[in-house]
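Structure, as structure tokens:
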Amino acid sequence: MAGPVACATFLMSTTTEFPVISALDGEALLDCVHCGICLSVCPTYDLLGTEADSPRGRIYLMRNLAEGRIDLNDSVVRHLDSCLGCRACETACPSAVHYGELLTVVRDEIEKRYPRPAKDRAARLLLLNLLTDPAKMAPTMLGAKAMSGLFGAGAGPVGMVNKFLFGPNAPAMPMPEEVSLRVKPLPEFTPAKGERRARVAVLAGCVMQVLFQRVNRATVRVLAENGCDVLVPRAAGCCGAFHMHNGYLDDARERAKGLIEALEREEIDALVINSAGCGSSIKEYAELFHNDPKWAPRAQALTAKARDVSEYLAELGLRPPTQSYKKRVAYHDACHLAHGQKVRLQPRELLKAVPGLELVEFTDADWCCGSAGIYNFLQPELAAQLQDKKVANILASEPEVLVTGNPGCHAWIESGLRNRGSQVVVRHTIEVLDEAYGGG
């Protein structure tokens, strides 16, 4: 118990004068036995070395909040904000503590109860509103790319706004390879090639539509190549992942309801998702609506059909690719895929099925890269350290291609590689498969 006791030394008080945060599940908080196994896999504890910046320490803080022993003071919020939400602690935990769910609830309480500085709150809302609306994000990215061409990356008006909102070490906005004023939608229906094996819906997503249109197109082609009729419902909008992970649960529920309603109209065998963060959130819709008798069963029905694209192709049985891909490939485990969805082997097995591909492992492949949704903007110093560590480990394995399954990881790792002057190409798992089928 020395660790949790030590982490409490900075607290304002241990009396019960503060209001109880009833939304935190006191029973779930008691599941943590304070064994400390989580400390060895926690990226922020590794960087900062402080108990309060570890999963065990943060659970201790949550328990004190739930029992009304402490208030949401600046120090408590700082330690909870520093968490990446990578959920590596869940993978390591012998007591099966649902840390991600606890963090989601406490972050919702923070946004409702804690008076953030006006600039901080504005920055968070700006990111959330921009990244979850392709109609706003596309022209913004086009303008940012034009400004980068004129002034250089991270400079000019865009850089000034970035630094004003997120501090002097704010990262440059990611620049897509292709960008346009409006997002060109995917075909609403693409027929299966050969024998029809399934009927699936693909989530076009928000960031994926703007930054990674090529990944969405590759996803549709590969699914069709594997005998799937592919639907891309126009009414299927934002899944609410960004809001869920950053403490805006009411907004997340409204977006989730819209997605559930849109997909209830379709007769599908699966909802296929190529963004790890979105997939993890959709698979947790049942928890999001656990106390809502109207929406809980509807959420559970969609969750039962939700599959990451690598997970679904592995379940379906991959039709062997025919084109050679003679490259040395390293695979990075996106946190919300490896720890959130427990999907680790499937992407690797798919890559191994590609003729000529040499798959290499690298050190700490399942450690967070520092992107973590909007974390790299809100905590740029810590994110940059994690990016440096990730890039160094990747380069040590000497790959030609780095493959991952999440847009945030994709953009952040690519940025880190470019900063090092590396020519390593970053691709989504589905893009490699697409090329091996002769697509693109």
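The values are calculated or read from the model by the stated rules, or taken from the named source; none is laboratory data. Bear in mind the structure is a predicted one, so any value in this text is a computation, not a measurement. Don't worry about glycine lacking a Cβ; one is built from the backbone with ideal geometry, like all the others, and counts go over all protein chains shown. We work out accessible area using only protein heavy atoms, side chains counted, and drop any ligands, DNA or RNA first. Shrake-Rupley method; radii C 1.70, N 1.55, O 1.52, S 1.80 Å.
What the table shows:
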quantity: Selection count where residues are open to solvent by less than 10 Å² (accessible area, probe 1.4 Å) and either assigned to a helix (DSSP H, G or I) or not aliphatic (A, V, I, L, M) (or both), scope the stretch 65-82; calculated: 6
quantity: Unique match (being in a helix (DSSP H, G or I), of a type outside the set (V, I, T), in contact with a Leu (Cβ under 7 Å, 6 or more places away or on another chain) and surrounded by 20 or more Cβ atoms within 10 Å (Cβ to Cβ)) among L382, L386; calculated: L382
quantity: Filter result for the condition that a residue is over 22 Å from N169 (Cα atoms) and hydrophobic (A, V, I, L, M, F, W, C), over V401, V391; calculated: V401
quantity: Options S371, S415, S422: the member that is in a loop (DSSP other than H, G, I, E, B), of a type outside the set (K, R) and under 17 Å from F212 (Cα atoms); calculated: S371
quantity: Residue in the stretch 397-409 that is within 23 Å of L359 (Cβ to Cβ), small (G, A, S), buried (at least 17 other Cβ atoms within 10 Å of the Cβ) and out of contact with any strand residue (DSSP E or B) (no Cβ under 9 Å at 6 or more places or on another chain) present; calculated: yes
quantity: Hits in the stretch 86-99 (condition: buried (at least 21 other Cβ atoms within 10 Å of the Cβ) and of a type outside the set (F, W, Y)); calculated: C86, R87, A88, C89, C93, V97
quantity: Qualifying residue in the stretch 108-128 (condition: among the aromatic types (F, W, Y), open to solvent by 10 Å² or more (accessible area, probe 1.4 Å), in a helix (DSSP H, G or I) and out of contact with any strand residue (DSSP E or B) (no Cβ under 9 Å at 6 or more places or on another chain)); calculated: no
quantity: Some residue of the stretch 403-412 being part of a strand (DSSP E or B), under 19 Å from R214 (Cβ atoms) and either touching a Ser or Thr at 6+ places or on another chain (Cβ under 9 Å) or without any contact (Cβ under 8 Å) to a residue 40 or more places away in the chain (or both); calculated: yes
quantity: Residue pairs meeting the criteria (Cβ under 6 Å; at least 6 apart or on separate chains; first polar (S, T, N, Q), in the stretch 294-322; second at pLDDT 95 or above); calculated: T303/K283; T303/Y285; S310/Q346; S310/P347; S310/L350; S310/T429
